[in-house]
Amino acid sequence: MNKNSNYRQVYLDHSATTPVDERVLNEMLPYFSDKFGNANSIHGFGSEAALAVDTARRKIAKLIDAKHTEIYFTSGGTEADNWALKGVAFARRDRGKHIITSSIEHAAIMASCKQLEAQGYELTYLSVNEKGLVSPAELKKALRSDTILVSVMLANNEVGTVQPVKELCEITHEAGVLFHTDAVQAMGSIPVSVKDLGVDMLTFSAHKFYGPKGVGALYIKGGVKPDKFVVGGHQERTMRGGTTNVPCVAGMAKALELAVENLDENAKHIKSLRDYFVSEVEKKIPHVIYNGDREKRLPQNANFSFEFIEGESLLLNLDLCGIACSSGSACSSGSLEPSHVLLAMGLKHETAHGSIRFTFGKGNTKEDVDYTVEKLIEIVGKLRAISPLFAEFKEGIINV
Ligand code: PLP
């Protein structure tokens, strides 16, 4: 740990994960020890656990305007996304093999689509504009008589853009097609009502709203019948096998309850910090691009491209100063490809490579922002001083 008196730890990666709220932890603890029963056992220990699962299911359903019979617990967002896509693709293969999604989805959707393509399904990837928004008119044109599913995320994990899901869903339903949305980043940050959105399926994950990791859910509207995805048990009304993660399910319900109860207050605090950060960066650091839509955006997200430098170098230098954020590229997965989201928005490869995502949370303060801006100015200056691209720019050899 750096002993510099100026040093502080600043966590600005809340879209990657959030710390578990202490009240959520307290809700979970009894189900690890005293109330450890298997929710499927018929004895008293089992009934106690089953009651906790049922209570959590009803609580979550109410918070998103669903029925409790429409909530299916999963191991997280990735599983729920896989289930939604493959479950509908397999169940409806006799009606058609065409699926529509967007070009900026999370890897859980993208990789599922690639698997389906390899199995003979046809995918259409809707483009986005320079702000990262899908066009309802393009969706209308893409729908075909053999389309069986449309999946467009509610909010993007890299640039925070909030899609017009309600409108996209209406267009999809007019064509008699099912609509799924990945609401992993949106849940707990903006209001989410399945009734208001009108969606047939919706994915969410507890660790993005101060709940535990490894638990999420798929909302499946009554009457919609995707194929089973995880088999081998009678849990989740026989639709998803596997012993229920009782502590995490109880924790997720508590986390969502707190997130919804305090949504306005938290969003106001987080948005004011984010807006202050954005204005400071734009004022004090030249040659930066603020990626995404300024209005149709999650309150926590700020994504910047810093011209002439590598996002990874910036990220590592910020980490040495105690600041945790995330780079847009898929470097962590062993690929040097820049973010597919930023490329889909039309950014040049070099610019996309210099992109960093800062995501704020309820525990952040103005001092965190001031410290981060101060360090950013120092590090960006240092990295540009050794950047061949910046040297070429100053000599007029290249333009931004
Ligand atoms: N979908 C989106 C938009 C995400 O941001 C994430 C996680 O970052 C996931 C799905 C995957 O969720 P989980 O981490 O619960 O598997």
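Here, each number is a calculation from the coordinates, and none is a lab measurement. From a predicted model like this one, the values you see are computed outputs, not experimental measurements. Ideal geometry is used to build each Cβ from the backbone, glycine not excepted, and the neighbour counts take in all protein chains shown.
Find how many whole Å separate the alpha carbon centroid of region 282-311 from the alpha carbon centroid of region 59-96. Cα centroid to Cα centroid, the span is 34 Å.
Our summary gives region 22-261 a relative contact order of 27 percent, counting only alpha carbon pairs under 8 angstrom and 6 or more residues apart. Highest GNM mean-square fluctuation among A137, A217, A111, for the chain modelled with Cα contacts below 10 Å: A137. Each label point was placed 7 Å from the Cα along the Cα-to-Cβ direction; for K213 and D65 their separation is 3.3 nm. Of the residues Y121, Y276, Y210, the one with the fewest other Cβ atoms within 10 Å heads the list, and the complete ranking is Y276, Y121, Y210.
Please work out how much length the chain gains when fully extended from F45 to A391, using 0.36 nm per residue of separation minus the C-alpha to C-alpha distance, in nm with one decimal. It would help to have the intermediate numbers written out before the result.
Working: separation 346, 0.36 × 346 = 124.56 nm, distance 6.90 nm.
So the chain would gain 117.7 nm between F45 and A391.
Working note: Debye formula, equal point scatterers on the alpha-carbon atoms of region 1-108, no solvent; log10 I(q)/I(0) at q = 0.12, 0.22 Å⁻¹ is -0.74, -1.31.
Sorted fewest first by neighbouring Cβ atoms within 10 angstrom, V230, V260, V24 come out as V230, V260, V24. For the chain, the relative contact order is 21 percent, taking Cα pairs closer than 8 Å that sit 6 or more residues apart in sequence and dividing their mean separation by the residue count. For V128, the shell of other residues with beta-carbons less than 13 Å away shows a net charge of -3, using +1 for Lys and Arg and -1 for Asp and Glu.
Tell me, what are the semi-axes, in whole angstrom and largest first, of the equivalent ellipsoid of the chain as set by the roots of 5 times the Cα gyration tensor eigenvalues? If you can, show how the numbers build up before the last one.
Working: eigenvalues 279, 153, 58 Å².
Semi-axes, largest first: 37, 28, 17 Å.
For region 143-221, the fraction of C-alpha pairs farther apart than 22 angstrom is 24 percent.
Which of K195/K221; K86/K140; K284/K375 have a Cα-Cα distance over 19 Å? Working shown, then result.
Details: K195/K221 10 Å; K86/K140 23 Å; K284/K375 12 Å.
Violating the 19 Å Cα-Cα cut-off are K86/K140.
Against the main long axis of the alpha-carbon atoms of the chain, helix 366-385 sits at an angle near 50°. Taken over region 251-400, the convex hull of the Cα atoms encloses 138 Å³ per residue.
Within region 22-261, the proportion of C-alpha pairs whose separation exceeds 30 Å stands at 24%. The label point for E337 and the one for K366, both projected 7 Å from the Cα toward the Cβ, are 4.4 nm apart. Net charge in the neighbourhood of A255 (other residues with Cβ under 13 Å of its Cβ; Lys, Arg +1, Asp, Glu -1) is +1.
Rounded to the nearest 0.05, what FRET efficiency is calculated for D319 and K35 with R0 set to 45 Å and r the Cβ-Cβ distance? Kindly include the intermediate steps, with their values, before the conclusion.
Working: r = 40 Å, r/R0 = 0.88.
The computed FRET efficiency comes out at 0.70.
Principal-axis analysis of the Cα atoms of the chain puts helix 77-91 at an angle of about 60° to the longest axis.
Between helix 165-174 and the chain, what is the angle of the helix's C-alpha long axis to the longest principal axis, kept within 0 to 90° and rounded to the nearest 10? Around 50 degrees separate the two axes. One decimal place: the segment E130-K382 gains 87.8 nm when fully extended, by the rule 0.36 nm per residue minus the C-alpha distance.
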